[in-house]
């Protein structure tokens, strides 16, 4: 008796593409608090906008003198920049300014968690 075959296979012996690949890297811009660790210190920064996070208070490692250190992470000049700002609050001190601490040429769509120069560690708080 003849047999009827539909000749239906799952994939005709070929491997199906499932996308795969590496997991996305970086921290979502929706993250409201991030930790940045560098030189043995960790700072928690708070989101102001999708391109700017900052800390508004003294940190536990800040000196107790006329200097007030603030930290920020921003996307500017086609790169991510982690900055330390020294604001002097005593008339006997010199003027302060921004110190560019680390940069990353990653895209503005996520906060890079690797590839910083000099090296820093960024995590969601």
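Computed from the coordinates by the stated procedures, all read-outs in this text should not be read as laboratory data. Please read these numbers as outputs of a predicted model, since none were measured by experiment.
Remarks
- Net length gained if the chain between residue 42 and residue 119 were fully extended (0.36 nm per residue, minus Cα distance): 26.4 nm
- The gain in end-to-end length when the residue 27 to residue 50 segment is fully stretched comes to 7.1 nm, 0.36 nm per residue minus the alpha carbon separation.
- Taking each residue as 0.36 nm, the span from residue 105 to residue 35 lengthens on full extension beyond its C-alpha to C-alpha distance by 23.3 nm.
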